[in-house]
Structure formats: structure tokens, C-alpha cells
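Peer 1: Structure below; questions to follow.
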Amino acid sequence: MSRLSALGQSLGNALQQAFLAPAFLYFLWLIPIVILLYLLKLRRTRVVIASTLLWMKSLQDLTANAPFQRLRRNLLLLLQILILLLVVGALARPYFKAEGRAGRNLCLLVDRSASMQTREGEQTRMDLAKAEALRMVDEMQKGDKTMLVTFAENTDVLCELTDDRSRLRRAIEGITATDTRTRLRDAYLVAHSLRLTVADLHAVVISDGGITDLDEIGPRNFGQVREVADTSTEARARGYDLSFLQVGTTSANAGIVAFSLREPEQGQPGEKQSFVLVHNDAPEPLLTTVTLSFNDSTLAVEEIEVPPGEDGELVFAHPELGTGILKAELDHEDALPVDNVAWLTLRPAARIRVLLVAEPEAPGAYFLQRVLAPDPRVELSTLPPANYAPGHTADLTVFYNFAPPALPSGTLLFINALPPLPGIGSEGSLDRPAVIATDSEHPLMRFNLNPGNVGISSAQKLVLPEGAHTIVSAPGAPLIADVSQGGQSIAVIAFDIAASDWPLNLSFPLFFQNLLAWVPRSALAEETSVDAGHPLTLVSRPETAEATVQNPSGQTERVILDPLRPVYFSDTQDAGLYTVTYSESDTERFAVNLLDRTESSVTPAVALNIGGGDFRAQRGHVRQNRELWRWLLGAGIAVLALEWWVFSRRAWI
């Protein structure tokens with residue numbers, strides 16, 4: 001039985017290598033049925049005639065009494081079998097691999113991530129990729145169309161499907177590499193969405209293969225894809241109309257892939273420690289030094305040795321540094337300079353302005369003051385509702401048993417009060433509601449916060465507006481909800497904390513720690529490094545309408561600030577230091593880094609594993625599937641016409 005299984009698997013693999021849809025070969029069982037029809041003897045109606053002289057040929061079918069007749073050479077039978085073979089062959093989609101242009105409709109997916117800055121002799125990989133893309137455009141023939149898409153951290157469509165070669169050349173020549181990581185998924189989905197309307201579209205990925213999100217591109221992203229048996233070669237990839245054109249050869253690179261500031265463990269020296277992780281992708285051992293500096297003053301220089309293909313780490317002990325820029329630099333020249341340096345922005349602990357609007361003598365106000373005032377980050381002010389005015393602003397405002405007519409700026413928490421939002425309301429009350437569910441993924445529920453054992457005497461039966469999110473729920477209504485709108489963080493607690501035992505529960509101070517961390521200014525203070533391509537968070541200042549952002553190359557851009565919510569600056573394609581100026585005396589610096597092991601590992605990939613299939617790297621002309629079904633179908637139609645002609649002429653052999 002094992003031999004039969006092995007034989008069947010070998011036969012299946014052979015068919016997979018020759019046909020894209022071998023399941024249609026099962027229709028070859030129709031051939032015996034066609035032959036059987038020619039073996040059957042016709043049952044004719046008995047008719048009395050005067051003479052058989054004119055019916056001699058018909059008498060040949062009456063010479064036997066059996067239901068079957070001898071199979072004779074018949075041109076019609078041969079033609080019909082040939083038609084069946086051609087049609088089944090066309091349905092099975094035979095193909096062969098051939099070099100040359102991938103098709104009449106082509107989608108070029110060009111990598112412009114950090115690793116494409118790797119030097120290859122006098123050029124970079126970006127130069128090589130652009131040269132390949134230009135060559136494909138130059139090979140376009142009349143009627144051919146090409147689409148151009150670039151990908152790195154973000155995806156950009158530079159040209160829709162067009163036959164304008166001049167426009168395509170200008171777009172390709174304008175491509176520049178970024179300092180970000182590589183993400184292919186969005187770029188492929190752009191090509192796949194176009195393929196739904198352009199059936200013969202072929203996608204070509206021009207890259208060194210250092211892509212971080214290949215596991216996010218599954219079979220569901222390719223539509224209906226046939227299952228195949230051979231998982232070790234590109235046989236699984238044949239169902240996807242995509243080619244991988246590899247650029248680059250060098251692997252001589254080492255880079256900083258992690259840089260952080262941390263507290264020393266007990267017994268270790270220093271008030272603070274800086275951790276640096278170096279990855280060596282070169283085939284030779286790395287022996288060099290790492291320089292740590294603060295505000296351009298050298299703190300320490302340490303030697304590091306890293307074996308080929310492995311990581312090496314350094315820990316620098318130093319005193320508390322204060323506010324400024326901490327820099328780690330790998331004193332080593334290699335093929336990719338951008339990953340040899342990294343920065344951290346050290347800021348003072350954030351001072352969070354918290355305004356509590358509540359009656360000073362209210363029991364709930366006492367608990368709120370006790371949980372907020374001891375936090376060293378908090379500057380707490382308490383205001384009775386009668387004295388509250390729209391001009392009072394803070395980073396966090398807590399309204400207890402009171403709601404203003406209009407929303408102020410900043411992060412807001414409403415306790416036993418409804419914010420002035422459209423769609424929110426109350427439909428009576430809930431008596432002794434029990435907590436039945438919590439959203440552990442919400443930022444306000446971090447640290448495994450679980451108020452499940454909290455006793456509540458009564459709560460409002462909230463009706464939430466569209467887009468709101470329930471954080472803690474009771475039967476029939478939410479108890480705590482996120483009703484954030486327009487980028488402004490707003491939370492609602494539907495019960496009076498004084499009418500519950502929540503202030504006596506451990507989850508109460510944990511909730512307010514999470515609430516303080518929810519404030520953008522608090523999150524900004526903890527952010528020492530931003531990944532290249534990710535946005536910077538700009539928090540508005542009083543009486544400041546705009547800010548100026550200067551990138552590492554010195555270019556500036558004005559940004560309009562929003563007093564109600566943070567503004568995000570997304571043009572961070574280059575690693576380095578970004579300076580945000582709010583006023584002459586108020587500036588802020590952001591450290592933007594690459595810090596990506598995949599980008600520092602510059603050895604070109606031999607294949608892209610996408611959707612369970614291996615797309616093997618190709619160089620020069622792309623090898624693609626050349627399908628034969630159109631020729632087979634055309635031949636089938638021609639033979640069908642010949643069969644009709646033979647039948648009409650009654651040609652017998």
C-alpha cells in the first residue's frame with residue numbers, strides 16, 4: 001500500500017509541475033464513454049419495403065443480434081476524442097516557465113526600505129532596483145500597460161495602470177530609499193485588488209527580500225488558490241501570479257538593533273544603564289567599539305566582538321543624565337550606514353495638570369483627591385462646579401456629578417454624569433448591577449485590572465452613541481465606557497463611586513494609574529524613541545496655534561495644532577533627530593530610529609515565502625508561467641469545425 005501511495009504522490013507532483021489545474025484531468029474519463037457510444041448498436045424501427053437494393057449499407061448494422069457492434073475505424077470518433085483531449089487539456093491549464101516580459105499588464109512593486117540603501121560597489125540597491133524597473137518599462141510593447149507601487153513602512157501608488165512610458169520613467173527615477181522597515185502586505189493588496197478587474201495582471205516584487213510582514217500575507221489575500229502537494233519548491237507559489245526579482249549580493253553589514261535606557265538591577269553599578277544590542281550579518285567576526293555620548297559629550301567607549309550571524313550586547317553604567325539626547329554609535333564602516341547610530345530622547349517626568357470639578361465636601365471628591373494627589377506626576381486642582389468656566393483647561397479633567405454645557409480640551413472623565421455628546425443618554429437606573437464582563441485589551445484596563453467583585457448600589461442605564469466602546473458592562477448596560485470622539489479621549493463611569501465599595505478595592509488606584517497613562521502628555525514623556533515611519537505626537541500648548549517641525553536634514557514644516565487633542569506628524573521617513581518648536585522658549589526633540597534586525601540583515605533572500613509558497617529569487621529577466629490553454633482551446637475549436645465538415649460530407653474510413 002505504501003508503494004501505491006508513493007507512486008500516487010509522485011504522479012500527483014508530476015502533474016502539478018505541468019498543469020495549474022490538474023483536477024480537470026479527471027474529465028478524461030469521458031473518453032471511454034465516447035468510445036462506448038460507438039460500440040452500441042442502434043435499435044431501428046422495422047419497416048416493410050419492396051426491395052433492399054437501395055439499403056445495402058444500412059443492412060450492415062442489422063447483421064448481428066448482439067447489442068454491441070465491432071468498433072470500426074471511424075474518423076469522427078478520432079476527431080471527437082481529439083476534441084475532448086484538447087478541451088480537458090485547456091481546462092487543466094498546462095504551462096511552462098519562460099524568460100521575458102511577464103505579461104501585457106504588469107504591476108511593479110519596488111522596495112524602498114532602509115536595506116535598499118546598502119552599497120553594492122559604486123551603487124546602492126535602490127539604484128539597481130530602479131534600473132530593473134526602467135528596463136521593464138523600456139521592454140514595453142504596443143498595448144502593454146504597467147502600474148508602479150513602492151513599499152516600505154507605507155505603500156504609495158506612483159502610477160496607475162498606464163502605457164505612458166515617459167510618466168513611468170519619471171516616477172521610477174524619483175524613487176528614493178527611506179530609513180524605515182519593509183512591509184509588503186499593503187502593496188500586494190493594492191496589486192491584488194487591481195487583479196480582480198485585470199485578470200492577466202502580473203506582479204513583480206523588486207527587492208532584496210528583507211521583508212518583515214510576509215507571515216501577514218496568507219492565502220486569503222490571494223482569493224481562491226488551489227491546493228498543491230509539493231511544499232518544498234515553488235510549486236505552491238505557482239497559483240499566485242507573482243515574481244520575485246532580487247537585487248543585491250553583499251552581506252557585509254553590522255548594525256544597532258536595540259537601544260534603551262533602564263534601571264540597574266540590585267548590586268549593579270550606576271544610577272542608570274544604557275543597553276545596546278548589535279547584530280552582525282557579515283560572514284566574518286565583528287571587532288569594533290561602541291561610543292555612548294550625551295548631548296555630544298562622550299560618556300564611554302566600549303569594545304565589542306560579535307560572531308558572524310549573531311548578536312552582541314553592551315551595558316553602559318552611568319549616573320542620572322537629566323534632559324537631553326543620548327546617542328550610541330557603532331564605530332564601524334560597512335555597507336549600510338543608517339543602522340550604525342541610534343538616539344534616545346531623555347525628558348523630565350511629565351507634569352500632568354489634573355482638574356477635579358466636584359463639590360469639595362462630596363464623599364466621592366475625597367476618594368478622588370486621595371488617589372490622584374500622591375502621584376508625583378500630578379498637579380491637582382479642585383474646583384466646585386459653580387466656579388467652573390470653559391476657560392479652565394487641563395491635561396486631564398475629572399467631572400464628578402457634574403457635566404459642563406460644552407466639552408473642554410484634553411482628556412476627560414465623567415463620573416455619574418453624562419458628557420454633552422450627541423447620541424448619549426440614560427434610560428433610568430440599574431439596581432445593584434453586577435460586573436459581568438471587562439475589556440482587558442483597553443488601555444484603561446491594563447495590569448489585569450478586574451473590578452468584578454465591586455459592589456455598586458445603583459448605576460445609570462447608559463445609552464451610548466455610535467462608535468462608543470464598552471469597557472466594563474453589567475447586564476443590560478455599560479458601567480464604564482469609552483466615548484472618545486474626534487481624537488479626544490473621553491471616558492464615562494455610570495455610577496457614583498461614593499455609592500460603591502470601589503474606592504476600597506485594589507482596582508480603583510490601578511484604574512486611575514491607567515487613566516493618567518491615557519493622557520497624551522504622559523505617554524509622550526515615556527516615549528524615548530520613535531520607529532522611523534511612525535508619527536510624532538504633538539501636544540498643544542496654551543495660546544499656541546502652530547508648531548514648526550525640523551527634520552534631520554534641516555527642512556522645516558509648519559503644523560497646525562488642535563487645542564482639544566494631540567496632532568500627529570507622520571513625515572518621519574528619515575532616522576535622526578526631529579526638533580519641534582512651539583515658541584522661542586519652548587522646543588521639543590524626538591529621536592527617530594531604524595532599530596530593525598531584518599533591515600540590518602542585508603543578505604539577500606533566496607525566496608519569499610508567501611501564502612505557503614516559495615517565490616524563488618530571480619535575476620535579470622523574470623521567469624513566468626506561459627500558459628497554453630488558449631492555443632489548446634483554439635485547436636479544439638478548429639478540430640470541432642473539421643469534425644462538423646467530415647460529418648456533413650459523410651466521410652468514412
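Peer 1: Show me the trypsin sites (Lys or Arg not before Pro) within segment 558-599 that DSSP assigns to loop and that have at most 11 other Cβ atoms within 10 Å of their Cβ. Kindly include the intermediate steps, with their values, before the conclusion.
Peer 2: Details: sites: ARG558, ARG589, ARG597; in loops: none.
For trypsin sites (Lys or Arg not before Pro) across segment 558-599 that sit outside H, G, I, E and B with at most 11 neighbouring Cβ atoms in 10 Å, the list is empty.
Peer 1: Let me ask you something else. Give me the percent of the accessible area of segment 271-324 that comes from carbon and sulfur atoms, probe 1.4 Å, all protein chains in place.
Peer 2: Values: 1250 of 2700 Å².
C and S atoms contribute 46 percent here.
Peer 1: How large is the charge dipole for segment 335-441, taken about the Cα centre, if only the Cβ atoms of Lys, Arg (+1) and Asp, Glu (-1) carry charge, to the nearest 20 debye? If you can, show how the numbers build up before the last one.
Peer 2: On the way: 6 positive and 10 negative charges, 67 e Å.
Using only the charged Cβ atoms, the result is roughly 320 debye.
Peer 1: Can you give me the long-range amide H partners of ILE471? Hydrogens built in the peptide plane at 1.01 Å from N, cutoff under 5 Å, separation of 5 or more residues or another chain.
Peer 2: Amide H to amide H, under 5 Å and 5 or more residues apart or across chains, ILE471 pairs with ILE480, ALA481, ASP482.
Peer 1: Now a separate question. In straight Cα distance, which aspartates and glutamates are under 13 Å from LYS327, not counting same-chain residues fewer than 8 positions off?
Peer 2: Straight-distance partners of LYS327: ASP296, ASP339.
Peer 1: Which semi-axes, in whole Å and largest first, does the equivalent ellipsoid of segment 463-530 have when worked out from the alpha carbon gyration tensor as the square roots of 5 times its eigenvalues? Before the final figure, lay out the partial values.
Peer 2: On the way: eigenvalues 121, 69, 14 Å².
Value: 25, 19, 8 Å, ordered largest first.
Peer 1: I've got another one for you. Which value, in debye to the nearest 20, gives the size of the charge dipole of segment 407-539 about its Cα centre, when Lys and Arg are +1 and Asp and Glu are -1 at the Cβ?
Peer 2: Numbers: 4 positive and 11 negative charges, 39 e Å.
Charge dipole, segment 407-539, about its Cα centre: 180 debye, nearest 20.
Peer 1: Further question on the same structure: Taking the Cα centre of segment 448-602 as the origin, how large is its charge dipole in debye, to the nearest 20, when only Lys and Arg (+1) and Asp and Glu (-1) carry charge on their Cβ atoms?
Peer 2: Values: 7 positive and 18 negative charges, 91 e Å.
For segment 448-602, the charge dipole is close to 440 debye.
Peer 1: Quick one: Karplus J couplings for segment 153-161, per residue in order, coefficients 6.51, -1.76, 1.60, θ = phi - 60°, nearest Hz, x for Gly and Pro?
Peer 2: After applying 6.51 cos²θ - 1.76 cosθ + 1.60, I find 5, 10, 10, 10, 8, 7, 9, 6, 4 Hz.
Peer 1: Which value, in Å³ per residue, describes the convex hull spanned by the Cα atoms of segment 494-590?
Peer 2: Working: hull volume 13.5 nm³, N = 97.
Spread over its residues, the Cα hull of segment 494-590 gives 139 Å³ apiece.
Peer 1: In whole Hz, with x marking every Gly and Pro, tabulate ³J(HN,Hα) for segment 341-346 from phi via Karplus 6.51 cos²θ - 1.76 cosθ + 1.60, θ = phi - 60°.
Peer 2: Per residue, the Karplus-derived 3J(HN,Hα) values read 9, 8, 10, 10, 9, 9 Hz.
Peer 1: Another one. Sorted by mean Cβ packing within 10 Å, highest first, what order do the peptides 247-260, 121-134 take?
Peer 2: The densest-packed peptide leads the list: 247-260, 121-134.
Peer 1: Compute the accessible area per residue over segment 498-584, keeping the other protein chains in place, probe 1.4 Å, unit Å².
Peer 2: Working: 4070 Å² over 87 residues.
Accessible area per residue, segment 498-584: 47 Å².
Peer 1: Near the amide H of HIS202, under 5 Å away, which other amide H atoms are found, from residues 5 or more places off or on another chain, if H is placed in the peptide plane?
Peer 2: ASN105, LEU106, CYS107
Peer 1: Sort the following peptides by mean Cβ neighbour count (other Cβ atoms within 10 Å, averaged over residues), highest first: 147-153, 360-366. Let's see the in-between values first.
Peer 2: Values: 147-153: 23.7, 360-366: 14.7.
Going from most to least packed, we get 147-153, 360-366.
Peer 1: Another question, then. Hey, how much of the P(r) for segment 414-511 falls beyond 23 Å, as a percent of Cα pairs? Walk me through the numbers before you get to the answer.
Peer 2: On the way: 861 of 4753 pairs.
For segment 414-511, the fraction of Cα-Cα distances above 23 Å is 18 percent.
Peer 1: Name the residue from ALA349, THR289, PRO308 whose Cα lies farthest towards the positive end of the charge dipole of segment 287-392, charges +1 on Cβ of Lys and Arg and -1 on Cβ of Asp and Glu.
Peer 2: Toward the positive end, the furthest listed residue is ALA349.
Peer 1: Placing +1 on the Cβ of each Lys and Arg and -1 on the Cβ of each Asp and Glu in segment 440-595, which of LEU536, PRO563, GLN550 has its Cα farthest towards the positive end of the resulting dipole?
Peer 2: PRO563
Peer 1: Next up: Considering only C-alpha atoms, what is the centroid distance from segment 338-353 to segment 420-443, in Å?
Peer 2: Between the Cα centres of segment 338-353 and segment 420-443 lies a distance of 38 Å.
Peer 1: Additional query: Dividing the convex hull volume of the alpha carbon atoms of segment 381-466 by its residue count, what do you get in Å³ per residue?
Peer 2: On the way: hull volume 12.7 nm³, N = 86.
In segment 381-466, the Cα convex hull volume per residue is 148 Å³.
Peer 1: Taking amide H atoms as placed 1.01 Å from N in the peptide plane, list the residues 5 or more away in sequence, or in a different chain, whose amide H sits under 5 Å from that of LEU430.
Peer 2: ALA459, GLN460, LYS461
Peer 1: Also, quick follow-up: Could you name the aspartates and glutamates in cross-link range of LYS142, using Cα to Cα under 15 Å and dropping any fewer than eight places away on the same chain?
Peer 2: Within the straight-line limit of under 15 Å, LYS142 reaches these aspartates and glutamates: ASP163, ASP164.
Peer 1: Another question, then. With θ set to phi - 60°, apply the Karplus curve 6.51 cos²θ - 1.76 cosθ + 1.60 along segment 124-132 and write out the HN-Hα couplings as whole Hz, x wherever there is a Gly or Pro.
Peer 2: 10, 5, 5, 4, 5, 5, 5, 5, 5
The values are calculated or read from the model by the stated rules, or taken from the named source; none is laboratory data. Keep in mind the model is a prediction, meaning the values are calculated, not measured. Cβ coordinates were reconstructed from backbone atoms using ideal geometry, including for glycine residues, and neighbour counts include every protein chain displayed. The protein model used for the area step is the full one, side chains on, heavy atoms only, and it has no ligands, DNA or RNA in it. Shrake-Rupley method; radii C 1.70, N 1.55, O 1.52, S 1.80 Å.
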